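What follows is a short report on a single structure.
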Amino acid sequence: MTDQNARFFRITEDADNGGWPYGVGPEPADRAHIRVKAMLVAVHSDGTRHLVSSNPPSSENPQGHHRLIGGSVELGELLQDAIVREIHEELGARVRELKHLGVIENIYRYNGEPGHEIVALYTGRLDPEPADQDATLIESDGSVVPVVWRAFDDVDARIPLYPLAALPWIDALSPGAE
């Protein structure tokens with residue numbers, strides 16, 4: 001391993017965070033750093049919809065926004081293992097027919113704060129599937145977030161879907177896509 005690679009993989013411990021590696025322990029991660037995520041385009045059994053979280057209004061999206069389900073990759077965790085774990089933790093479901101679609105980069109603002117993610121994008125089906133109405137997921141901090149089945153054919157949708165870079169993959173999964 002070169003010195004440059006050694007610097008890349010070095011993890012510093014933070015005495016103010018109980019000795020946990022920076023951004024790993026009980027304190028929230030610094031949003032000024034790039035985060036690694038795994039997200040799922042969870043296709044409904046009818047093939048016309050996919051599951052998204054329904055998030056509250058923000059300064060950028062006063063009507064709220066939808067986001068693909070998934071979450072952060074933990075230190076030492078494989079991307080595929082991360083999406084399986086996140087779905088189980090948040091929805092209590094297993095992922096069937098898991099397929100890796102690609103990797104996207106997401107640079108964004110949320111309530112005026114910048115964010116940057118590298119996202120491993122997957123598709124699959126959930127077992128069991130969340131209900132068509134009043135379904136939720138539970139975040140790692142215990143907060144409950146509504147989830148909805150969003151139509152693939154959503155060209156007139158008033159609520160944006162993030163990450164934006166996932167849209168070509170989502171479009172390719174829609175019924176009738178070639």
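For the reader, a short list of remarks on this structure follows.
- With respect to the stated conditions, L91 is closer than 21 Å to R49 by Cα, surrounded by 13 or more Cβ atoms within 10 Å (Cβ to Cβ) and either in contact with an Asp or Glu (Cβ under 7 Å, 6 or more places away or on another chain) or of a type outside the set (K, R) (or both).
- Check on T136, assigned to a strand (DSSP E or B) and either surrounded by fewer than 18 Cβ atoms within 10 Å (Cβ to Cβ) or without any contact (Cβ under 8 Å) to a residue 60 or more places away in the chain (or both): yes
- Qualifying positions in segment 121-133 - outside any loop (DSSP other than H, G, I, E, B) and closer than 13 Å to I87 by Cβ: Y122, T123, G124, R125, L126, D127
- Looking only at residues of segment 138-172 that are among the β-branched types (V, I, T) and more than 18 Å from I87 (Cβ to Cβ), we find that the one that is modelled with the lowest pLDDT is V155.
- Matching residues, segment 140-178, being closer than 19 Å to G71 by Cα, touching a Gly at 6+ places or on another chain (Cβ under 8 Å) and surrounded by 13 or more Cβ atoms within 10 Å (Cβ to Cβ): W169
- Given (1) assigned to a loop (DSSP other than H, G, I, E, B); (2) among the polar types (S, T, N, Q); (3) buried (at least 18 other Cβ atoms within 10 Å of the Cβ), number of the condition S53 does not satisfy: (1)
- Total residues in segment 56-71, condition free of Cβ contacts under 8 Å to residues at least 60 places away in the same chain, surrounded by fewer than 17 Cβ atoms within 10 Å (Cβ to Cβ) and within 17 Å of the chain's Cα centre (by Cα): 1
The values are calculated or read from the model by the stated rules, or taken from the named source; none is laboratory data. As the structure is a prediction and not an experimental result, all values here were calculated from the model. Every residue, glycine as well, gets a Cβ built from its backbone with ideal geometry; the counts of neighbours run over all protein chains shown.
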